[in-house]
């Protein structure tokens, strides 16, 4: 038969000592301060690869809400949304960003906005989402077929979803190896129309890496990460 | 020559009579049934139900003018209908084939005794979205078609044996079925100028099809020769005049209210080109396919049956 | 009680998996209303998001119901609802060690306090604007692990298997494996598998993190729940006001320690008067396992106490499994 009566002292066995309480609190505060030392955390620079889903709040607000649940990553129909490791800094680990080499942002889709439980990705209508730039596409002329190999392609423009396409062509006449004239369509991105959806990157036939890439510059959610005069506060 | 002229006169006279009566000239005794039928809608309306009715009637009359679906489909056939379901767009945006044209073709196939009618495409946008938003899944299933997503495993390397394309991953079901119906929509396209019947066959090809653009016209012509269509139906009820093949802006869409049907894919391509104000031989796909012997660019020489449908 | 609790665990785990699978594109641009259910009822998501951003989404208020029930009833969430808890429960059933070790490690350990320290650190960081609670919150942890690691791995494996079966087409004469495998594959493609195999670079690290936790669960019963889980800590703190108390009748108790062996939370049900309420997740295993009917649960009102879950009748054989080493 057990004889283990309790006295008052037993209850305090489970209680936290003041020292451990303060250590924990202090560590939490210290971690916050330490993780804000990086230039990205302080807004001094922007990671071109940190392309957030459309509807995302500005970075500091975003990180106060994102609970790293992964629902947006699951629901994204094209497997475009992935967990960061260090792209958003250590403080942003496992928050969502788009990897255009794998998937692209479907033009008429707002599923990620709908499933975010905390509102880190704000719920937008389809029309609102179509006005949001999540980044800008850049053509790498040293790799794009019509520029570097005088070969026709146009796959990027073919898939561009904006009603007035954000990729346009310059008709150029070149000479091939045998000296014959060739008419080529060389693509150009219109940064004011480009919403950074990335379908051009996914469909580009060049893979190592694609001859067109999307960077976070020009993202609507971040007034500081702009480069065009027209989207500047004073423009 | 004389014989042909006489036949043309005969056709024109009987076509006029037929439009009034509502019968296709094929009924009025021929040595051969017509090779190409161009059906126009008399009184286009904006109302969606009216457009649906128009699509159904145009399809019915165009096929009937060719001698009826039973000319193409035999009892028990397994039919594969290949519309354009490539894009995440609504029917009004004219990026995918009109769903009611597809549905009517399904119905006509079953009425002609087809054993199985399957509808599919290999889209460029997410297939779950394109199949639903184009309206084709619902419309075709309502008529009893099996609408399915293509199975990745069934894209197998096939020896096409063309001058430009030796082999390519192709959807085996499309090759192995009994009858093939190619039903595209007429659209602008930056590379080939337009995408009509031959370019529509992209939808049975597997990746890396984004490389074909480097020699698109000749490559697609090779595919068209390898898997000839038993019936080709060009949806020109709404055509996309700019920013194709994705479209998106309703201002780029123009109502032409025309449906073309026939077995000569080159002739239909050539005719479709004229709808955009271009010469019939403008497209590289058309010229290449003609060179391979798939048909004739001079569609008028086939004595097309022109119908006014109401 | 135990069977009801088990049914509840299975129900919520299945609900979690069904919601997970259905959070996908079906054709139209909308997901069902239940898509965020488990995040919405998670009190740690509510509190840390509010502390860090000073705003919440309306659906998250469902978590107040969980908090309210915990204040009243105790830390039931961990043994009745939490899908991660259920998974660790299942893994821990295979833990190693002999009986004496399991009893020793099944008792309350002072390191179970560390989850409270982690909670405090996370909440202070949230107040300072750093919302990292989600990294350690069990519901987001499970969802993100499923989404980026377990599900893609399963999908890839299934795809490889069924594609090989389709192409290799093994069989004898007319009896081919594909007669069975193709219908199964179609069913999986319709309800379970993604439309195309999915892949997540960051999923490797997330998966390894989960493997580490699974290994810990094989070392100690529900290691995560007892030592690390900040949500468990939060609910444990709320459980202090609970009116439900465990009573271990010292006259009936025979020191067999079966209650300790099967205890979920590590709350010392065998120590009369020293039961740790904030560690108890109301699994009722102690009562169920006790051969002498020593354990019951009471509702302690002001001044009165009413027995709400009576002890089970004693079983005929009294087992002396092992003595408690104190």
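The values are calculated or read from the model by the stated rules, or taken from the named source; none is laboratory data. Values in this document were obtained by computation on a predicted structure and should not be read as measured data. Ideal geometry is used to build each Cβ from the backbone, glycine not excepted, and the neighbour counts take in all protein chains shown.
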If we keep just the residues of region A:14-30 that are facing another protein chain (nearest Cβ under 7 Å) and modelled with pLDDT under 85, which is farthest from residue C:126 (Cα to Cα)? A:14
Conditions (1) in a helix (DSSP H, G or I); (2) within 21 Å of residue C:15 (Cα to Cα); number of the one not met by residue C:103: (2)
Let me confirm something: among C:92, C:149, which residue is touching a helix residue (DSSP H, G or I) at 6+ places or on another chain (Cβ under 8 Å), within 14 Å of chain A (Cβ to nearest Cβ), farther than 23 Å from residue A:14 by Cα and touching a residue at least 12 places away in the same chain (Cβ under 8 Å)? C:149
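Residues are listed down the side, and each one gets a yes or a no for (1) away from chain B (no Cβ under 14 Å); (2) free of Cβ contacts under 8 Å to residues at least 24 places away in the same chain; (3) crowded, with 18+ Cβ neighbours inside 10 Å:
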| position | (1), (2), (3) |
| --- | --- |
| A:156 | no, no, yes |
| A:170 | no, yes, no |
| A:173 | yes, yes, no |
| A:177 | yes, yes, no |
| A:197 | no, no, yes |
| A:212 | no, no, yes |
| A:230 | yes, no, no |
By residue number, the members of region C:54-82 that are within 13 Å of chain A (Cβ to nearest Cβ), in contact with a helix residue (DSSP H, G or I) (Cβ under 7 Å, 6 or more places away or on another chain) and part of a helix (DSSP H, G or I) are C:59, C:60, C:62, C:63
Name, by its number, the condition in (1) touching a residue at least 40 places away in the same chain (Cβ under 8 Å); (2) more than 17 Å from residue B:232 (Cα to Cα) that does not hold for residue B:281. (1)
If you take the residues in region A:41-71 that are away from chain C (no Cβ under 12 Å) and on the phi > 0 side of the Ramachandran plot, which one is nearest to the chain's Cα centre (by Cα)? A:55
Mind checking which helices (runs of 4 or more DSSP H) fall wholly inside region B:70-180 and carry at least 1 residues that are over 30 Å from residue C:24 (Cα atoms) and without any contact (Cβ under 8 Å) to a residue 24 or more places away in the chain? B:172-176
Test for residue B:32: is it touching a helix residue (DSSP H, G or I) at 6+ places or on another chain (Cβ under 9 Å), farther than 16 Å from residue B:183 by Cα and surrounded by fewer than 18 Cβ atoms within 10 Å (Cβ to Cβ): no
Restricting attention to region A:192-227, which residues are in contact with a strand residue (DSSP E or B) (Cβ under 9 Å, 6 or more places away or on another chain) and farther than 27 Å from residue B:86 by Cβ? A:215, A:216, A:217, A:218, A:219, A:221, A:227
Residue B:268 vs. criteria more than 19 Å from residue A:158 (Cβ to Cβ) and assigned to a helix (DSSP H, G or I): yes
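Here is a yes/no grid of residues against (1) more than 14 Å from chain A (Cβ to nearest Cβ); (2) out of contact with any strand residue (DSSP E or B) (no Cβ under 8 Å at 6 or more places or on another chain); (3) within 28 Å of residue A:81 (Cβ to Cβ); (4) touching a residue at least 60 places away in the same chain (Cβ under 8 Å):
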| site | (1), (2), (3), (4) |
| --- | --- |
| C:187 | yes, yes, yes, no |
| C:208 | no, yes, yes, no |
| C:211 | yes, yes, yes, no |
| C:218 | yes, yes, no, yes |
Tell me, please, whether a residue that is in a loop (DSSP other than H, G, I, E, B), crowded, with 22+ Cβ neighbours inside 10 Å, at pLDDT below 90 and touching a helix residue (DSSP H, G or I) at 6+ places or on another chain (Cβ under 8 Å) can be found in region B:221-241. no
So for region C:168-177 (the condition being surrounded by 16 or more Cβ atoms within 10 Å (Cβ to Cβ) and either within 13 Å of chain A (Cβ to nearest Cβ) or in contact (Cβ under 8 Å) with a residue 12 or more places away in the chain (or both)), does at least one residue qualify? no
Starting from residues that are more than 18 Å from the chain's Cα centre (by Cα) and not in a loop (DSSP other than H, G, I, E, B), keep the ones in region C:239-260 and report whichever is nearest to the other protein chains (Cβ to nearest Cβ). C:248
In region A:93-103, what residues are facing chain C (nearest Cβ under 9 Å) and under 22 Å from residue A:37 (Cα atoms)? A:93, A:94, A:95
Looking at (1) in contact with a helix residue (DSSP H, G or I) (Cβ under 7 Å, 6 or more places away or on another chain); (2) surrounded by fewer than 24 Cβ atoms within 10 Å (Cβ to Cβ), which is the only condition residue B:247 fails? (2)
Surrounded by 15 or more Cβ atoms within 10 Å (Cβ to Cβ), touching a helix residue (DSSP H, G or I) at 6+ places or on another chain (Cβ under 8 Å) and free of Cβ contacts under 8 Å to residues at least 40 places away in the same chain: is that true of residue C:162 in this structure? yes
Looking at residue A:38, is it in contact (Cβ under 8 Å) with a residue 12 or more places away in the chain, more than 7 Å from every other protein chain (Cβ to nearest Cβ) and in contact with a strand residue (DSSP E or B) (Cβ under 7 Å, 6 or more places away or on another chain)? no
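Before we move on, is residue C:202 more than 16 Å from residue C:90 (Cα to Cα), within 11 Å of chain A (Cβ to nearest Cβ), surrounded by 23 or more Cβ atoms within 10 Å (Cβ to Cβ) and touching a strand residue (DSSP E or B) at 6+ places or on another chain (Cβ under 8 Å)?
Considered against the rule, which asks whether it is more than 16 Å from residue C:90 (Cα to Cα), within 11 Å of chain A (Cβ to nearest Cβ), surrounded by 23 or more Cβ atoms within 10 Å (Cβ to Cβ) and touching a strand residue (DSSP E or B) at 6+ places or on another chain (Cβ under 8 Å), residue C:202 comes out as yes.
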Any residue at all in region C:32-53 that's away from chain A (no Cβ under 14 Å), in contact (Cβ under 8 Å) with a residue 24 or more places away in the chain, outside any loop (DSSP other than H, G, I, E, B) and out of contact with any strand residue (DSSP E or B) (no Cβ under 6 Å at 6 or more places or on another chain)? no
Cβ-Cβ distance below 8 Å, separation of 6 or more or different chains: which pairs start in region C:1-26 with a residue that is within 14 Å of chain A (Cβ to nearest Cβ) and in contact (Cβ under 8 Å) with a residue 24 or more places away in the chain and end on one that is exposed (fewer than 15 other Cβ atoms within 10 Å of the Cβ) and part of a helix (DSSP H, G or I)? C:21/C:191
Residues located in region C:125-146, provided they are within 7 Å of chain A (Cβ to nearest Cβ), part of a helix (DSSP H, G or I) and over 18 Å from the mean Cα position of the chain (by Cα): C:125
Quick check on region A:101-113: of everything there that is in contact with a strand residue (DSSP E or B) (Cβ under 9 Å, 6 or more places away or on another chain) and over 15 Å from residue A:52 (Cβ atoms), which residue is surrounded by the most Cβ atoms within 10 Å (Cβ to Cβ)? A:102
Are any of the residues in region C:101-124 touching a helix residue (DSSP H, G or I) at 6+ places or on another chain (Cβ under 7 Å), over 30 Å from residue C:245 (Cβ atoms) and within 10 Å of another protein chain (Cβ to nearest Cβ)? yes
